[in-house]
Amino acid sequence: MPQTCQTVEYFWEITNTMISPDGVSREALLINGQMPGPVVEANWGDWIIVHVKNSMQTNGSTIHWHGLRQNYTNEMDGVASITQCPIAPGESMTYQFRADNYGFSWYHSHYSLQTYEGLFGPIVIHGPSSASQQVDGDQIFVFQDWSHVPVDEMYNAAEDVRGGGPRTLDTGLINGMNVWDGAGERFEMTVKKGSTYKFRFVNTAIQSTMKVYLDQHTFTVISADFVPIVPYETDVLSISNGQRYEVLVTFDQDDASYWLRSDVASECSTVTNGMNIKAIVHYEGNTDKPTSTANAYSTAPGAGCADEPLASLTPYYKLNAHSQDYRIDETVTVGANSELLFKWSLSGTTFQSQWGDPTLVQIYQNGTVPDYSGQLAITVPDLGSWVYLIIDTPIPFPHPIHLHGHDFYILAQGTGLYDSSVSLNLQNPPRRDVAMMPWDPAQDLGGHLVIAWKADNPGAWLVHCHIG
């Protein structure tokens, strides 16, 4: 990581307010009056300082810097109950950390469901790229699913086993914009024919995998999460919750206007307006509504919510995974507690948050890891050791798994439960910080995901499903 001796600084205020991103008014949580929030932009190696004031009336908050390693700044990871207490109403907190990754990511609240009420925004960290050509411009695209009522109002019904689980959302937004029932506006941009742009994509949805594409154009994919990859071409990109991609697009089609689409993968999420989440790309001199036709993609069972193929996500900088020092096997199950609320478990255990007594604070004060007997907490005693985490489930539903503080190596990813017949790829496997545990709805099968990482970043780090 370069020593730039440069600092970028931001001042933010979180507020409750009313917005109408698609023409329908509802209450939301905003940073500096924006959704998405302000772009955090820095160079690789810079220091980033963000002053956050919580001007909400009744709720605390935090900000998590998704994908950033926070190497030796674990206390800045922004996870309520793990690395900090929530920022109380009327109080402020200053986050200060190095831009120790490069590429594209996002920040979001890590308190309750605040992300999906509007507390999120993009992060751009300039650094090396696997792209072999210069670009004429770049554009951020933030995709999200969206409800016309606050997510908290839907949560009680969603967690009740008698209520049927996840709710039907209304629509989705691109860069905080869309249309509904004749109201609202779509995001639009204009490009010059023959130019090449870098598009930066992030899926910030609460429950929806997105199929992203620009009608009649091809993407050259150059990064997955914070990892540059060997470029490959695709007409449609599958992006699950929390994932990011950077792509190059050359505008070499007829002078016209084209839809950029973010279709919801309907087999793992229900969104009423899920096929009408669109932005417009105009070639210079064109202002008409697009008449372009959609690119084709597979609708076979399980394909809609699958990650991009592992074979496509070859890291540009080659690193091999090492043999395991610690192996953790966890099976995802779901049941009901005594109050008839859904209770998700890993190997029969759950983790209980302690809002007023964060894990990292307990370690600092007591000099030891807290006693989490009967809960799911894993201690890795040796710095620099290699950890293998095997997660599988019999439940036919996909889960995007995110690890804080590290990029992980994807050693295996497939349908059905893990067993010894599953081969592990240790030779320059894909690396990223969010990967989907797949499923096969046609055969009523769940899936497995085997990830590995070098435990070289001391701290208390969360690993979790990025749905909700």
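Over the chain, what relative contact order in percent results from Cα pairs under 8 Å that are six or more residues apart?
14 percent
Once you place label points 7 Å from the Cα toward the Cβ at Gln354 and Ser195, how far apart are they in nm?
Going from the Gln354 label point to the Ser195 one covers 5.5 nm.
What whole-number distance in Å separates the alpha-carbon centres of the stretch 86-152 and the stretch 35-55?
Here the answer is 9 Å between Cα centres.
Rounded, prolate or oblate for the stretch 114-248? Axes are the square roots of the Cα gyration tensor eigenvalues, ordered a ≥ b ≥ c, and the cut-off for rounded is a/c under 1.5.
Details: a/c = 2.41, a/b = 1.81, b/c = 1.33.
Prolate, because a/c is 1.5 or more and a/b exceeds b/c.
For Glu233 and Asn286, FRET efficiency with R0 = 30 Å and r from the beta-carbon atoms, rounded to 0.05? Present the calculation step by step, with values, prior to reporting the outcome.
Numbers: r = 25 Å, r/R0 = 0.84.
It comes out at approximately 0.75.
Viscosity 1.002 mPa s, temperature 20 °C: Stokes-Einstein D of the stretch 1-134 from its Kirkwood Cα radius, in µm² per second? The partial results should precede the final answer.
Details: Rh = 15.5 Å.
Answer from the Stokes-Einstein relation: 138 µm²/s.
Going 7 Å from the Cα of Met275 in the Cα-to-Cβ direction, what parts of the stretch 285-309 have a backbone nitrogen less than 20 Å from that spot?
Counting only backbone N, you get 290-306.
Report the far tail of the P(r) of the stretch 173-226, meaning the percent of Cα-Cα pairs longer than 16 Å.
More than 16 Å apart: 59 percent of the Cα pairs in the stretch 173-226.
With label points built 7 Å along Cα→Cβ from the Cα atoms of Ala183 and Tyr326, find their separation and express it in nm.
Label-label distance for Ala183 and Tyr326, simple model: 5.2 nm.
Arranged from highest to lowest average of other beta-carbon atoms within 10 Å per residue, in what order do the peptides 200-211, 409-420 appear?
200-211, 409-420
For the stretch 400-468, what is the convex hull (Cα atoms) projected area averaged across all directions, in square nanometres?
In nm², the orientation-averaged hull projection of the stretch 400-468 is 5.7.
Just how many pairs of Lys in the chain have C-alpha atoms closer than 30 Å, counting pairs that are eight or more places apart or on different chains?
Final tally of qualifying lysine pairs is 16.
Are there cysteines in the chain with no other Cys C-beta under 4.7 Å, and if so, which?
Lone cysteines by the Cβ rule: Cys5, Cys85, Cys465.
Once you put a point 7 Å from the Cα of Asn32 and another 7 Å from the Cα of Tyr316, both along the Cβ direction, what distance in nm separates them?
2.9 nm
Sort 138-148, 5-15 for me by packing, meaning the mean count of neighbouring Cβ atoms within 10 Å per residue, highest on top.
138-148, 5-15
On a full-extension model of 0.36 nm per residue, what is the gain between Asp382 and Ser55, subtracting their alpha-carbon distance, rounded to one decimal in nm?
Separation in residues times 0.36 nm, less the Cα-Cα distance, equals 113.6 nm.
With 41 Å as the cut-off, how large is the P(r) tail for the chain, expressed as percent of Cα-Cα pairs? Provide the component values of the computation, followed by the final result.
Values: 14256 of 109278 pairs.
In whole percent, the share of Cα-Cα pairs in the chain beyond 41 Å is 13.
No value in this document is a laboratory result; all are computed from the given coordinates. The model shown is predicted, which means the values in this text are computed figures rather than measured ones. Don't worry about glycine lacking a Cβ; one is built from the backbone with ideal geometry, like all the others, and counts go over all protein chains shown.
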